[in-house]
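Data first, discussion second: the structure below is written as structure tokens.
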Amino acid sequence: MAETYTIEGRTGPWEVVLGLEVHAQVISKSKLFSGASTTFGGEPNSQVSLVDAAMPGMLPVLNGECVRQAVRTGLALGAKINLWSRFDRKNYFYADLPQGYQISQFQHPIVGEGKLEIETEEGGPRTVGIERIHLEQDAGKSIHDLSPSASYVDLNRSGVALMEIVSKPDMRSPAEAGAYVTALRQIVRAIGSCDGNMQEGSMRADVNVSVRKAGEPFGTRCEIKNVNSIRFIQQAIAYEARRQVEILEDGGSIHQETRLFDPDRGETRSLRSKEDAHDYRYFPEPDLLPLELTAEFVEECRRSLPELPGARRARYEAELGLTPYLAGVLTADQDSADWFEALLADTAKRQGKPPRDVAERAANWMTGELFGALNKLGVEVADSPVSPAQGGELLALLADGTLSGPLAKQLFEIMLETREDPGAIAEARGLKQVSDTGALETAIAQVMAANADKLAEYRSGKDKLFGFFVGQVMKASGGKANPAVVNDLLKKALNQA
Amino acid sequence: MAALTDLTLAQMKAGLAAKQFSARELVQEHIEAVEAARVLNAWLVETPEIALSQADAADRALAAGEAGLLAGIPLGIKDLFCTKGVETTASSKILKGFKPTYESTVTEKLFGAGAAMLGKLNLDEFAMGSSNETSAYGPVISPWRANGSEQPLVPGGSSGGSSAAVAARLCAAATGTDTGGSIRQPAAFTGIAGIKPTYGRCSRWGVIAFASSLDQPGVLARDVTDCALVLEAMSGYDPKDSTSLNAPVPHYAGGLGGDLRGKRIGIPKEYRVDGMDADLEALWRKGVDWAKEAGAEIVEVSLPHTREALPTYYIVAPAEASSNLARYDGVRYGLRVAPEGGSLADMYAATRAEGFGAEVKRRIMIGTYVLSAGYYDAYYLKAQKVRALISRDFAQAFEACDLLLTPTAPTGAFGLGAKTADPIAMYLNDVFTVPASLAGLPAMSIPAGLTSDGLPLGLQLIGRPLDEMGVLDAAFALERRAGFAAAPSRWW
């Protein structure tokens, strides 16, 4: 059992209990209940239909694509799909909520219980329970800093479909919360139900934090609203857990409340207490019929799912013989896995070998050379200047001895810059290993003649000078000589006497 | 020749087809009637230019032989229907000046069928009322007066502008909406016919919402045939309304025969309430006789939860209204009252305090209360359960009969101001109409007789879901036998 994360207080260690509500924006062309576009970054109020602006007499019509995406997400999390679900109205007044209510699913969500496997360095693998996923509308955006005396409202986001993915209180450390969001993000990106872009707000989390002594029942929790990066989630938890421990150890008690995380100060602060909490007056949305799905529809959704990151990782280990580390790195996101599979297919084909035989070499090159280079360039793998086919060609040139390791590195640098094929570069710039024995024998003879003293020393037993001769021949060939061939020929020449 | 305004809609169609008069002449005569009847306060907006241009288009279509079902027919539109470019207020101050950029599905269908819009009709504010006295733009005065009296009477509500305008011969027919009786009760009060079709038959898209699960557009007209014609034009599936029913719309007027042989008509015993007006009870008995004469078999049926319908309605409807009316917040359209230096919450409070009338506020408060934490189960949830029982009552009754025959309203029209101080007495007007609304059933009121004071009384027919044809046909049979010919004598 791995070490448990605890907050060390004056009275001993405290356990942290965490549950997350992740709001994931559904990938769909139009909004949950209207035909308006969902593209990010449009001019304010340019993507607003009459429904989104809650004009009198307007009615919502459910977008089937959003339903499909929620079901696919549920299936990817191994969750129960509820064939009967219902929309409810959550009533509250705010300037960026035109209807005066949010259409959500309160009592009967579309997706029920599921689970998500996570892994942390300290904690190892564990399972986090999913409580439910429901569909709901996003609100618009209030902008308070454009004018000292007025607020502005942008309704572009009003009505955009969100999946609220609610975990069970199963996490026990900031690292686990981070791993949970990372794993969730991998899955929704892999199946294309959410772009996972936390900076643009397509994914954000409400974090529920409580603390307790080991073995005690759950403590009172506080909810930290709308945290929009994994790092902030972890910082917010660490701060909030420490805050709660200090209050409890000073003899105080935790009041259930909603808090905000201030990333500039790295602290959470109270937004509203339970007493001030809204009474949302949920009731069934009378403008919509209950949502009834058929088993066939759910099966279609299931068939549309690609291989999920967890399954892919297991396959890389079992079928390709990759180490857990390499398999983990390559399946961390969809783009990397896609790139790797294209590279692997090309490499296997060029070298006429089964993928398993070339997988490790390809994986090492990709995670080492390619990722190193992309990292330096600050470029995502999807935008790599080198294509998988070019990578495969480079690996083939290495494998057949056309390139030495150092030559391959040199050539790769040129590929990154020029985007040209490695074979063409090698040809044009003469960057090929020289394995021609005639040319090398001439070079060896010249080196031996120029270093008669060293030759004599060698022959009198100073074996260590062999390396010196190799270096001289390589230098004479301009680094292009095939070291293995040089070794062979040199041994023969030096030992002839 | 009689005035064109005295013709029924079917007679107008025949006259137009026979080129006895043009649509322009027909519409022009109605425009003049509207102008002459302003004392009734039935119209919030008059749109003579629109009506005339639609009439001209109808004349061209008639000449080309391409006339729609309602070509050239002058209609009034209840001001709950959004009409493109024409002020639409739901009789509320909070929407004063609001001009929609869109046309409701129902009005689009009517205009598509060639109808001409004379204007927008007054109603109770947000359709909340039974007498048209809650309108922010003043009450509608009924064209009817009791024998020997000059006391102003209410035209019923909430479609009081619609009922008054049709009864006073200001338009051939008018759209209405019915949430708990808002078409049927005003029709009964003013001696005309009115049908609320099955919930989902007519699209609610573009109709300002009162209580979404109950609201249903329909029509008020001179007689059953006219109702059938307009209903056909305004009905039909609308993908923009998720609660709209995808079912074919029959040619209602063509199906009217009035032969009730083989039909069983149920008389719900629970509707025989204590202290029922003697005129009304006698009229109901006459209705039974007319149905028998038309060949129907009469059966007594039971709707055990009738007594619970009114309290159920006055929980469900305000609950939905409290949420539906949250959008009137002064942020995007309509009235905005922003106190100097005030917060957003201050703006909400001031806007809604100023913009809503007393009845609307009362219902928002009731609705908010019944949905509140701690009260939801006792009120809203229980009301939903009772509503299901009421629907079941009807389903069981319809195993024993095909249609139900009841009175429409417990009394004839009452005097202006007679019940404004007592909301409960006002709500009791809906006692016979609310059950069919809760069950979403098609129901119709036809003028059947007069009180001893000479004021109209109506009988109601209720049918199975989507059986508007059965309701209309039975109403047609009763209408022929009732021979109701009374009309308000013109005092305005």
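The values are calculated or read from the model by the stated rules, or taken from the named source; none is laboratory data. If you're wondering where the values come from, they're calculated on a predicted model, not measured in any experiment. Here the Cβ positions follow ideal geometry from the backbone for every residue, glycine too, while neighbour counts run over all protein chains shown. To get the accessible areas, we keep the full protein, side chains included, count just its heavy atoms, and leave off ligands, DNA and RNA. Shrake-Rupley method; radii C 1.70, N 1.55, O 1.52, S 1.80 Å.
Under 18 Å from a label point set 7 Å out along the Cα-to-Cβ vector of B:Asp259, the amide N atoms of segment B:452-492 belong to B:469-481.
Averaging the Cα positions of each part gives two centres, and for segment A:123-170 and segment A:441-474 these lie 73 Å apart. For segment A:307-429, report the translational diffusion coefficient in µm²/s to the nearest whole number, using Stokes-Einstein at 25 °C, 0.890 mPa s, and a Kirkwood Rh over Cα pairs. The calculation lands on 169 µm²/s.
Taken along the Cα-to-beta-carbon direction at a fixed 7 Å, the label points for A:Ile414 and A:Ser37 span 4.5 nm. The phi torsions of segment A:190-196, fed into the Karplus equation with coefficients 6.51, -1.76 and 1.60 and a -60° offset, translate into couplings of 4, 8, x, 9, 7, 7, x Hz, rounded to whole numbers, with Gly and Pro shown as x.
Comparing the full protein assembly with the isolated chain (1.4 Å probe, heavy atoms, ligands and nucleic acids excluded), the residues of segment B:337-361 losing at least 40 square angstrom of accessible area are B:Leu344, B:Tyr348. Spin-label model, A:Ala214/A:Ala445: points 7 Å from Cα along the beta carbon direction are separated by 7.9 nm.
Evaluated at q = 0.07, 0.11, 0.13 Å⁻¹, the base-10 log of the normalised Debye intensity for segment A:6-302, with identical point scatterers placed on the Cα atoms, takes the values -0.28, -0.69, -0.96.
Taking A:Tyr282, B:Tyr380 and ordering them by how much accessible surface each has at a 1.4 Å probe, largest first, produces A:Tyr282, B:Tyr380. Taking every residue in A:88-100 and counting other chain Cβ atoms within 10 Å of its Cβ, the average works out to 5. For B:Ser452 and B:Arg362, a Förster radius of 25 Å and the Cβ-Cβ distance give a FRET efficiency of 0.15, rounded to the nearest 0.05.
Each residue, A:Thr11 and B:Ala373, gets one label point 7 Å from its Cα in the Cβ direction; the gap between the two is 2.7 nm. FRET efficiency for the A:Ala332 to A:Lys141 pair, using the beta carbon distance and R₀ = 25 Å, is estimated at 0.20. Each of the peptides A:262-271, B:28-37 was scored by the mean count of other Cβ atoms within 10 Å over its residues; in descending order, highest first, they stand as B:28-37, A:262-271.
Rolling a 1.4 Å probe over the heavy atoms of the protein chains gives the protein assembly as shown an accessible area of 40 Å² per residue.
Amide H to amide H distances under 5 Å link A:Met198 with A:Met203, where only residues 5 or more positions off or on other chains count and H is placed in the peptide plane.
Inter-chain neighbour count for A:276-288: the average number of beta-carbon atoms from partner chains within 10 Å of each residue's beta-carbon is 6.
Counting, for every residue in B:210-223, the Cβ atoms of other protein chains within 10 Å of its Cβ and taking the mean gives 1. Share of pairwise Cα-Cα distances greater than 52 Å in the protein assembly as shown is 39 percent (whole percent). Largest first, the residues B:Arg352, B:Arg201, B:Arg480 sort by 1.4 Å accessible area into B:Arg480, B:Arg352, B:Arg201. Largest accessible area first, the listed residues A:Lys141, A:Lys492, A:Lys225 line up as A:Lys492, A:Lys141, A:Lys225 when surface is computed with a 1.4 Å probe on the assembled protein chains. Between segment B:202-261 and segment A:185-219, the alpha-carbon centres lie 49 Å apart. Anything losing 10 Å² or more of accessible area from the isolated chain to the full protein assembly: pick those residues out of segment A:39-63, probe 1.4 Å, ligands and DNA/RNA ignored. Hits at the 10 Å² cut-off: A:Leu50, A:Ala53, A:Ala54, A:Met55, A:Pro56, A:Gly57, A:Met58, A:Leu59, A:Val61. Residues within the reach of a label modelled at B:Ala349 (point 7 angstrom out along Cα to beta-carbon, backbone nitrogen below 18 Å), restricted to segment A:273-289, are A:276-279. Estimate the FRET efficiency between A:Asn364 and A:Arg265 by the formula 1/(1 + (r/R0)^6), using the beta-carbon distance for r and 30 Å for R0, to the nearest 0.05. The value I calculate is 0.10. Measuring heavy-atom accessible area with a 1.4 angstrom probe and counting protein chains only, the residues of segment B:81-125 that give up at least 10 Å² relative to the chain alone are B:Phe98, B:Thr101, B:Tyr102.
The contact between chain B and chain A removes approximately 2700 Å² from the accessible area (both sides summed; 1.4 Å probe; ligands, DNA and RNA excluded). Cross-link check: pairs B:Lys93/B:Lys240; A:Lys80/A:Lys213; A:Lys409/A:Lys454; B:Lys120/B:Lys419 evaluated at a Cα-Cα cut-off of 30 Å; pairs beyond the cut-off: A:Lys80/A:Lys213; A:Lys409/A:Lys454. Measuring nothing but alpha carbons in chain B and taking Rh as the Kirkwood radius, the Rg to Rh ratio lands at 0.95.
Between the alpha-carbon centres of segment B:67-123 and segment A:353-418 there is a gap of 69 Å. Its residue count N fixes a reference of 2.2 N^0.38 Å for chain A, and the Cα radius of gyration divided by that reference is 1.32. If you sort the three axes of the alpha carbon gyration tensor as a ≥ b ≥ c, you get a/c of 1.5 or more for segment B:306-384 and a/b above b/c, which makes it prolate. Per atom type, the protein assembly as shown shows carbon and sulfur on 51% of its accessible surface, probed at 1.4 Å.
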